[in-house]
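Enquirer: Once you've had a glance at the structure underneath, I'll fire off some questions.
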């Protein structure tokens, strides 16, 4: 198994590729902050037991939605040509991009032959945002629409929010530093020291990503959300592919769960009209505590459990056969 990075010049995307077992090809689209491979760090082992994995990193200085969607189409077509079975995975804003990818091909009369779809806390359009996030986003959008406007000024408010999201996603950073200091120079030889070192590396990558995106790049990411059409005007199913939707049990800080997209996709009786083969889970931790929006890093075991069971069923449906060695390799990591 090997990894490599390459990009699509027009879109400014970079792809991190990991080889895995047949038959699936997972194309993983992260949210806005953090983005890149670290978003799915604690799902990679599980996914690679069922196929190859490609995670997307968005450009720092721009965000051309049309070019990004074209690049993603190319990636999916490449997987089909290689006789892989593509599974589209979208987290938060990445879920909105995934929906737009699927919708554009459907409207062109060429539905994507996806093997499966996974949406985690999907944001389908700006009307799905919570009141708090809407108040932060609207000044950015309004300043950008003005002649001679200064969206970078409004963006600072949003940037502070993004920074708080990064902090929440990596709040164990101090604990990791403390463990390493306490264990001393031979700490990496112990399981708890190695775990703390891995945690520290993930956190540092996320922080570097956040610091690398300039104000104009952050503005471009926000403005791209205004082009999401979500489920508006959709007639009939969006895709017949088996679909898994995972919602955090504490989404309302980030999303309005009565929004035009969220309100449909969080209810099985409405979601099946969009995805006829849909399965929906509300995620709690092992102690029954609430799990925040898109928190794949902090609450990996809680998300990975239903996700792994769905993958096994998907593999059986595709006559892949879940061998014992794959099941062993795909064990849900301990909390």
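The values are calculated or read from the model by the stated rules, or taken from the named source; none is laboratory data. Note that the structure is a prediction, hence the values are computed from the model and not measured. For neighbour counting, all protein chains shown are included, and Cβ atoms are generated from backbone atoms with ideal geometry for every residue, glycine included.
Enquirer: Please give the helices (runs of 4 or more DSSP H) falling wholly within segment 66-176 in which 2 or more residues are at pLDDT below 95 and more than 24 Å from residue 237 (Cβ to Cβ).
Expert: Where helices (runs of 4 or more DSSP H) fall fully within segment 66-176 and carry at least 2 residues being at pLDDT below 95 and more than 24 Å from residue 237 (Cβ to Cβ), they are 131-145, 151-169.
Enquirer: A follow-up question, please. From 12, 96, 51, grab the single residue that is closer than 23 Å to residue 222 by Cβ and buried (at least 20 other Cβ atoms within 10 Å of the Cβ).
Expert: From the options 12, 96, 51, the qualifying one is 96.
Enquirer: From (1) within 29 Å of residue 306 (Cβ to Cβ); (2) at pLDDT below 95, pick out the condition that doesn't hold for residue 25.
Expert: Residue 25 satisfies every listed condition except (2).
Enquirer: In segment 16-59, what count of residues is obtained for those that are assigned to a loop (DSSP other than H, G, I, E, B) and within 17 Å of the chain's Cα centre (by Cα)?
Expert: Number of matching residues: 12.
Enquirer: How many of the residues making up segment 264-278 are surrounded by 17 or more Cβ atoms within 10 Å (Cβ to Cβ) and out of contact with any helix residue (DSSP H, G or I) (no Cβ under 6 Å at 6 or more places or on another chain)?
Expert: Qualifying residue count, segment 264-278: 3.
Enquirer: Across segment 226-268, which residue is nearest to residue 136 (Cα to Cα) among those that are at pLDDT 95 or above and in a helix (DSSP H, G or I)?
Expert: Checked segment 226-268; the qualifying residue nearest to residue 136 (Cα to Cα) is 262.
Enquirer: If you don't mind, there's one more thing I want to ask. Anything in segment 319-331 that is surrounded by 15 or more Cβ atoms within 10 Å (Cβ to Cβ) and at pLDDT 55 or above? List them, or say none.
Expert: Once the filter is applied, which keeps residues that are surrounded by 15 or more Cβ atoms within 10 Å (Cβ to Cβ) and at pLDDT 55 or above, segment 319-331 yields only 330.
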